[in-house]
Each structure stands twice: as C-alpha cells, then as structure tokens.
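Colleague: Sending over a structure as structure tokens; questions will come in a sec.
The values are calculated or read from the model by the stated rules, or taken from the named source; none is laboratory data. This is a predicted model, so every value here is computed, not measured. Quick reminder, even Gly has a Cβ in these numbers, built from the backbone with ideal geometry, and neighbours come from all protein chains shown. Please note that ligands, DNA and RNA were not included when accessible areas were found on the heavy atoms of the full protein model with its side chains. Shrake-Rupley method; radii C 1.70, N 1.55, O 1.52, S 1.80 Å.
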2 protein chains.
Amino acid sequence: MDTPLAPSTLEMSNPQQTALEQPPELDIEELQRHMVVTRRKVAAGQYLYRNGQPFHALYLVHAGFLKTCELSEDGREQVTGFRMRGDLLGVESIGLAVHTCDAVALEDSQIWELPYPPVLNACLQVPELQIRLSSALAEEIRRDRSWMLTIGTLPAEQRVAAFLLDLASRLARLGFSARHFILRMGRADIASFLALKHETVSRALSHLEQLEYISVLRREVKLLDIPKLSACAGTPRTIQ
Amino acid sequence: MDTPLAPSTLEMSNPQQTALEQPPELDIEELQRHMVVTRRKVAAGQYLYRNGQPFHALYLVHAGFLKTCELSEDGREQVTGFRMRGDLLGVESIGLAVHTCDAVALEDSQIWELPYPPVLNACLQVPELQIRLSSALAEEIRRDRSWMLTIGTLPAEQRVAAFLLDLASRLARLGFSARHFILRMGRADIASFLALKHETVSRALSHLEQLEYISVLRREVKLLDIPKLSACAGTPRTIQ
DNA sequence: CGGATCTTTGAGCGGGGTCAAATTAGGTGG
DNA sequence: CCACCTAATTTGACCCCGCTCAAAGATCCG
C-alpha cells in the first residue's frame, strides 16, 4: 500500500484498490447506443478545447488530469477546477456556439467525446440520462459554490488544507490512496484556483508539513493527520 | 428618466422603459401546460427555502429580489448570488433530496413555484424546454466562474466596480435604469459576495464616489462614468 | 552538461482586515 | 407625531496576513 499514483501514464495504474468498475456519472454504454462516442487523446500541456472554439461536444474524462481556466478580455486568468476520471467537461458552454474557457491537460489524458446535439436527443429518449445530465450540471454548480465559500471565508493555509482534502477524497472515490498521491499541477495552478499567489501556497504547504499534518516533497504529498487537516479546513470532510 | 427603482413594492414599478414583456429564460405559459405552477409571495427577510429542507421545486423569480447563501457545517456563510426577475432558483439542488443552501428575500417578492419532477417530464415532452433548462444551468455555471475570476484576480475596489456594473446591466435587461438604482442588499451582503469585509466595501464605494465614477447615498447609487468604471473593473462590460 | 521551469525561502511592504466610535436611517409603540 | 431603540453605514487608527520582489536550490528537458 501507499504507493503514489503512477505519474503521467495513460493507463492510470491502480495499485491498491479496485473501484474502476464503479459507473461514472454518465453511463458510457448507454450513450454509445445513441451516438458516436469518439475517444480522444490529449497530451500533457495540450488544450482539449479553448476559449472561442466552436462548441460541439461534451467531454467525459476517462483517464488523466486536466484543468479548466476562465479568461478575461484584459488577460487575467483563473483556474476554475481540476478534472479527473468521471468528470464531465464543456458543460459550461451548453447553450452557446463557442467555448468560453480553456481546458488544458496536465498529463496525458484520454477523453470520451460526446457530440452535443446527440446528447440532448439521447436525454429526450432516455429519462435516466436526462436526470444524470442535469444532476451533473447541478453538481458542478454546487462544487463551484462550495469553493466560493471556502475562498470567501477561509485564510490561505486553511484553503490549501481544504484543497488537499478535496483532492484526496476524489482520488479515494476512484480507488486511489487518499493518503499518498502526486499533485498533477504546479503551485501556480493551485494558487490561482484558491485565489492566492504561488509563494503563499508553497509557504502554506511547508507550514502544514511543519505541523506534521502532511508531508510534501515537490509534488508528492502524504496526508499524515486527516482529522487535524479537516478541522483546519473547517469542514469535517469524510474521506472514503 | 433617472428615477430610482421603487423601493420594496410587489408590483416593481417600471417607470422609464417597457421590457417586461420580453420572455424570461423559461416560458411560463408553456410550463403551465404541463404542471401546476403556484404563485408564492415571500416577504422581505423570509426564506424561500433553507438548507436541509426537502427539494421539490424550482423557483422562477417573478418580482422582487433575493440572495442565495452557501453554508458550512462550522457556521461560515457566503452569499453566492443575488436573484431578480427571470432568474431561476433551486437549480443547485437538482439531483438531491434536500436543499443545500438558503434563498432569502431581500424585499417582498413574487415567485413561481415549478414542481420538480413535473419540470423534468415537461422537458422530456418539449425539447425546447429541455434546451432552456440545461442552458439555464450552464449559464449559472458561467456566472459563478466569472465571479471566481473577478474575485480571484481583482483588488477590492475593482470588485465593487464590477459588482455595480453587473447589477446595472441586469437591471437594464429588465427595463430599469442602469445609471440610477437602489441597492436591495446591505454592505455586508455585497462584501460577503465579493469576499471582502463590509467596511472595505463601504470604503471602496466612498472612493469611487470621490473619483466621481459614481455617487452613493446609503443604498441609492448613480453611475456617473460607466466607461471609467468598466475600465476599472477590467471587463469592458457593455450595458444596454 | 546547460538552460528553462518549478519550488522554496527570506525580507519588506501594503491592501485589506480588525476594532472602535460616530452618524444616520428606520421601525415601533406610546 | 415624536421619542426611543435597533440596525446599517461611514470613517478613523492600527495591525497583520498575504503579496511583491529577490535569490537560491531542485528538477527536468534537450
């Protein structure tokens, strides 16, 4: 146990647990009965889609890790989330002709491309799919609002603690270790997401390590005291 | 022209323009063909729904003004948005049994209650409705992300400028004056929404007034120089 | 091996938070 | 209608958390 995630592999090795068979929010086999689902590979650093590109599909992450970035006309940029297996991307562009944000792979990733008008048609025919899709959109809203609460009410170090716990719980749901993992993003991305500067994130991590709540070495993180971390983050988040 | 919004009336007087007939995102007459839509009145200060209450309907604001608040288990609170005529509330609870946030009326309001399972059924029968609903959810995500960008990248005064411009443009879409309006919420609510303290909002407003970009007296606001305000907010937001 | 990028850490500063007080508006009951 | 009370807003004074600027490793790439 306690081996970190294999860094940057397409097969996303799963050493200790077996939860990969749990269905993602959207049932891919059901979807394939209604539309042509194409697999896409996106290399680390490449865009899955960019601000301004025509919107014609939703994307389900099958493997890998991505970030989404909101952009302003005057060049400001904000990481709005990190996406992994089972997460649905592109939903924010529903109802528009073009995407309004970027999705960038942070490691080599595999994506299922769900062509958009067909998704809607499938939902019309299969009520269960419609429920899944609207639930996924609603879940996205809840996630965003939950981070607004965190960012609006917690100081830097506690935001970082909340971030680590969130990541851990999501990894755990996918069957990976919640206590030992590799960050796929740099300090600057974490900082942007948490509305901080990268130096502040670095210092927060160092301090959490000094408190012996975690251990950090570059991108390798171990959570040593999840209860204390949780108390620190304000939300007694349950992991596993 | 330039009369402020009539403060706290159910009929929401509309002195200068006539845009009330423009259809809200969801067509209420179409909905009424498929379900029992009940009108609700919510007095200022009352909850439309609260965290923990069973979720059984979406709510379309017909008149009035409300805020939504995200809550944490340890008592922190964050205003996540201000809602007015045409806005859909409760969407964040889709897929759940209970609401996970509060919706509070800031003035006496009229609400159309759309019972939830029937809404889904109507969407199955009327593709146009399904498109409207998923677009409304997606729009909500875009709004939230846009505020994440603002809060994550702009200093206090510019957040306040962005807030005023956003409010102005939404009022303009409803046919009210964008240059002269009454704030329905207190400084503390604005502050929470913008991840600031109420004293900071107060100071920012005073300073914007000193710059002669706006004039403020308690809750009455006039936008004197929208181009400069927009430049200040980073986003050349177009109003009207 | 050399250069670019990422991360850490330090030193110093400043924007926004905290605490406090004054002012004003608004609501209520006499 | 007014006196009183409560709540909202403004403003000042001070301080501190997080930002800025800078430099020194560390890691990864060709």
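Colleague: What are the residues in the stretch B:161-192 that are on the phi > 0 side of the Ramachandran plot and either within 12 Å of DNA strand C (Cβ to nearest atom) or within 13 Å of chain A (Cβ to nearest Cβ) (or both), if any?
Modeller: Initial filter on the stretch B:161-192 (on the phi > 0 side of the Ramachandran plot): B:175.
Within the stretch B:161-192, none qualify.
Colleague: Residue under question is A:GLU128, and the condition is that it be modelled with pLDDT under 95 and either within 14 Å of chain B (Cβ to nearest Cβ) or within 11 Å of DNA strand C (Cβ to nearest atom) (or both); does it hold?
Modeller: Details: modelled with pLDDT under 95: yes; either within 14 Å of chain B (Cβ to nearest Cβ) or within 11 Å of DNA strand C (Cβ to nearest atom) (or both): yes.
Answer is yes for this residue.
Colleague: Where residues in the stretch B:181-210 are over 18 Å from the mean Cα position of the chain (by Cα) and not in a helix (DSSP H, G or I), which of them is nearest to B:ALA161 (Cα to Cα)?
Modeller: From the stretch B:181-210, those over 18 Å from the mean Cα position of the chain (by Cα) are B:196-210; that's our starting set.
Filter once more, so that each one left must be not in a helix (DSSP H, G or I): B:196-197.
On the way: B:LEU196: 13, B:LYS197: 15 Å.
Of everything passing the filter in the stretch B:181-210, B:LEU196 is nearest to B:ALA161 (Cα to Cα).
Colleague: Okay, next question. Any residue at all in the stretch A:151-159 that is among the basic types (Lys, Arg), assigned by TED's automatic domain parsing to the domain that holds A:ARG219, open to solvent by 40 Å² or more (accessible area, probe 1.4 Å) and part of a helix (DSSP H, G or I)? So that I can check it myself, show each step before the final result.
Modeller: As a first pass, look at the stretch A:151-159 and keep what is among the basic types (Lys, Arg): A:159.
Those left that are additionally assigned by TED's automatic domain parsing to the domain that holds A:ARG219: A:159.
Next, from what is left, pick out any that are open to solvent by 40 Å² or more (accessible area, probe 1.4 Å): none.
No.
Colleague: Return yes or no: is B:SER230 part of a helix (DSSP H, G or I) and over 26 Å from A:LEU71 (Cβ atoms)? So that I can check it myself, show each step before the final result.
Modeller: Values: part of a helix (DSSP H, G or I): yes; over 26 Å from A:LEU71 (Cβ atoms): no.
Criteria not met by B:SER230.
Colleague: Condition (residue is more than 30 Å from B:ALA233 (Cα to Cα) and more than 12 Å from chain B (Cβ to nearest Cβ)) applied to the stretch A:115-125: is it met by at least one residue?
Modeller: The first filter runs over the stretch A:115-125 and keeps only residues more than 30 Å from B:ALA233 (Cα to Cα), leaving A:115-125.
Cutting the leftovers down to more than 12 Å from chain B (Cβ to nearest Cβ) gives us A:115, A:118.
Yes.
Colleague: Still on this model: Is it true that B:ALA138 is open to solvent by less than 10 Å² (accessible area, probe 1.4 Å) and more than 16 Å from DNA strand C (Cβ to nearest atom)?
Modeller: The answer is yes for B:ALA138.
Colleague: Given A:ALA195, A:ALA233, which one is within 14 Å of chain B (Cβ to nearest Cβ) and within 13 Å of DNA strand C (Cβ to nearest atom)?
Modeller: Numbers: A:ALA233 fails: within 13 Å of DNA strand C (Cβ to nearest atom).
Sole residue among the options that is within 14 Å of chain B (Cβ to nearest Cβ) and within 13 Å of DNA strand C (Cβ to nearest atom): A:ALA195.
Colleague: Hey, could you check the stretch A:72-86 for residues that are open to solvent by 20 Å² or more (accessible area, probe 1.4 Å) and more than 8 Å from chain B (Cβ to nearest Cβ) and say which is farthest from A:ARG39 (Cα to Cα)?
Modeller: Applying the filter and picking the extreme gives A:GLY75.
Colleague: Here is a further query. If I ask for residues that are out of contact with any strand residue (DSSP E or B) (no Cβ under 7 Å at 6 or more places or on another chain) and open to solvent by less than 10 Å² (accessible area, probe 1.4 Å), which ones from the stretch A:87-121 would you list? Working first, answer last.
Modeller: The first filter runs over the stretch A:87-121 and keeps only residues out of contact with any strand residue (DSSP E or B) (no Cβ under 7 Å at 6 or more places or on another chain), leaving A:93-96, A:100, A:117-118, A:120-121.
A:SER93, A:ILE94 - these are the residues of the stretch A:87-121 that are out of contact with any strand residue (DSSP E or B) (no Cβ under 7 Å at 6 or more places or on another chain) and open to solvent by less than 10 Å² (accessible area, probe 1.4 Å).
Colleague: Within the stretch A:56-65, is there a residue that is facing another protein chain (nearest Cβ under 10 Å) and touching a Phe, Trp or Tyr at 6+ places or on another chain (Cβ under 9 Å)? First the steps, then the outcome.
Modeller: Taking the stretch A:56-65 and keeping what is facing another protein chain (nearest Cβ under 10 Å), we get none.
Among the residues of the stretch A:56-65, not one is facing another protein chain (nearest Cβ under 10 Å) and touching a Phe, Trp or Tyr at 6+ places or on another chain (Cβ under 9 Å), which makes the answer no.
Colleague: Does any residue in the stretch B:176-195 that is more than 15 Å from A:LEU149 (Cβ to Cβ) come within less than 7 Å, Cβ to Cβ, of a residue that is charged (D, E, K, R) and more than 14 Å from DNA strand C (Cβ to nearest atom) six or more places away or on a different chain, and which pairs are these?
Modeller: Every condition considered, the pairs that remain are B:SER177/B:ASP2; B:ARG179/B:ASP2; B:ARG179/B:LYS222; B:HIS180/B:ASP2; B:HIS180/B:LYS222; B:MET185/B:LYS67.
Colleague: Looking only at the stretch A:167-192, which residues are of a type outside the set (Asp, Glu), open to solvent by 10 Å² or more (accessible area, probe 1.4 Å) and either in the same structural domain as A:LYS67 (by TED's automatic domain parsing) or within 15 Å of DNA strand D (Cβ to nearest atom) (or both)?
Modeller: A:ILE182, A:ARG184, A:GLY186, A:ARG187, A:ALA188, A:SER192
Colleague: Just one of (1) out of contact with any Asp or Glu (no Cβ under 6 Å at 6 or more places or on another chain); (2) open to solvent by less than 30 Å² (accessible area, probe 1.4 Å); (3) more than 16 Å from B:LEU229 (Cα to Cα) trips up B:LEU164, so point out which.
Modeller: (3)
Colleague: I'd like to verify a number: residues in the stretch B:211-227 that are more than 14 Å from DNA strand C (Cβ to nearest atom), assigned to a strand (DSSP E or B) and open to solvent by 50 Å² or more (accessible area, probe 1.4 Å), how many?
Modeller: Counting residues in the stretch B:211-227 that are more than 14 Å from DNA strand C (Cβ to nearest atom), assigned to a strand (DSSP E or B) and open to solvent by 50 Å² or more (accessible area, probe 1.4 Å) gives 1.
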